[in-house]
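Since the structure comes first, as structure tokens, the remarks are kept for the end.
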Amino acid sequence: MQTFIKNLPKAELHLHIEGTFEPELLFEIAHRNNIPLKYPTVDALKEAYSFDCLQDFLDIYYQGADALLTEQDFYDLTYSYLTKCAEQNVRHTEIMFDPQTHTDRGVQFSTVIHGIYRAVEAAKENLNVSALLIMSYLRHLSEESAFRTLEHSIPYKHMITAVGLDSSEKGNPPSKFQRVFKASIEEGFIPVAHAGEEGGPDYIWEALDVLHIKRIDHGNNCLQDEKLVQEIIKRDIALTVCPLSNTALQVVKDLKDHSLKKMMNLGIQTTINSDDPAYFGGQVNQNYIDTQKALNLTKADIYQLAKNSFKYSFLPEPDKAIHIAELDAYYLANK
Ligand code: HPA
Ligand code: ZN
């Protein structure tokens, strides 16, 4: 089963580039930028990676991101993640980045996007991994700040496919960003949002009806509302589920209690993703492997999850078909 998962062609649809910042690279980049770190060693930093909730994690995650200053830093961070994609047979990835985390520290939007995008182009050429970008607004900041970010992004529109909404969920409902999402859609961006990770079903309803999102990031708490489940199925909106993130942030107590299989049985379209792999103890393949074990997933389940990862990506339809054909051939030969 492990070999089956490792060699399986797949896509990753929920991934924060700042959350791929491995402690070793973080130390290297902080050192070259002369940025002092709160933790004296890589091990001391790793020990701090124990979280009670989303906010606990975000506090450390934003500290780590402070080490990123130059275009080369963003390039190195992104290329390092894309190398791991190639190693895991991730053929395509949709990368979220948080511009405000950087522009609020005085780093230019252009520095961030050029570094990330240059790595995306290099990976396409050298690693046979495709990637597209999701510019995510930080929901703990104001809608006005999100509007400034949208303005910054306009000259780089051709490099960005979608907009997202992340950071502290509770107290920051999707409706707070109604106008900036409307404006983002008018600029041609596809809308997605984190919803129902710590927030309730009402936040997922808002993400659907007020922001008009095309994919739900996490979405765990949809199960509390039967009508919402039926609506998600009817609208054919996929959930980007992140099992190891959910246990690390205590959204789910134990992987055995995870509702992924229940979601699948109900007819909700789900995918498996790593969210912030440097912080949550596993890349995307580890998420598949641990979840398969905990929930007794069959090869048919794993195939369905990988198929969904292509089907619900934002790739053009012909590209999806090529990936799914490769996946089908793999499944047929290995089931
Ligand atoms: N939730 C909200 N914001 C985030 C996350 C998450 O899981 N990861 C990075 N930013
Ligand atoms: Zn996330």
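No value in this document is a laboratory result; all are computed from the given coordinates. What you are looking at is a predicted structure, and each value in this text was computed from that prediction instead of being measured. Neighbour counts run over all protein chains shown; Cβ positions are idealised from the backbone, glycine included.
On a C-alpha basis, how far is the centre of region 156-180 from the centre of region 23-81 in Å? Whole number, if you could? The distance from the Cα centre of region 156-180 to that of region 23-81 comes to 24 Å.
Applying the criteria of a DSSP loop state and at most 12 other Cβ atoms within 10 Å to the chymotrypsin sites (Phe, Trp or Tyr not before Pro) of region 234-335 yields no site.
If you take every residue apart from T271 with its C-beta less than 11 Å away from the C-beta of T271, what net charge results, scoring Lys and Arg +1 and Asp and Glu -1?
+1
Which residues in region 107-141 have a backbone N closer than 19 Å to a point placed 7 Å from the Cα of E187 along the Cα-to-Cβ line? Hits in region 107-141 for E187 at 19 Å: 107-118, 132-141.
For the pair E24 and C53 in one chain, pulling the backbone fully straight at 0.36 nm per residue adds 8.0 nm over the alpha carbon distance.
Charge tally for E24 (other residues, Cβ to Cβ under 12 Å; Lys, Arg +1; Asp, Glu -1): -3.
The slack in the chain from D257 to S142, taken as 0.36 nm per residue of separation less the alpha-carbon distance, amounts to 37.9 nm. Between N7 and K124, what FRET efficiency follows from the Cβ-Cβ distance if R0 is 22 Å, with the result rounded to 0.05? The computed FRET efficiency comes out at 0.55. Measuring how big the chain is from its alpha-carbon positions, Rg and Dmax come out at 18.7, 53 Å.
The protection proxy used here, the mean number of other Cβ atoms lying within 10 Å of each residue, ranks peptides 14-23, 29-38 as follows, highest first: 14-23, 29-38. Using Cα centres only, tell me the gap between region 238-300 and region 107-123 in whole Å. First find each Cα centre; the distance between them is then 30 Å.
Loop-resident trypsin sites (Lys or Arg not before Pro) (DSSP state other than H, G, I, E or B) in region 189-247 with no more than 14 further Cβ atoms inside 10 Å of their Cβ: R235. Packing, as the average of other Cβ atoms within 10 Å across residues, places the peptides 97-108, 134-145 in the order 134-145, 97-108, highest first.
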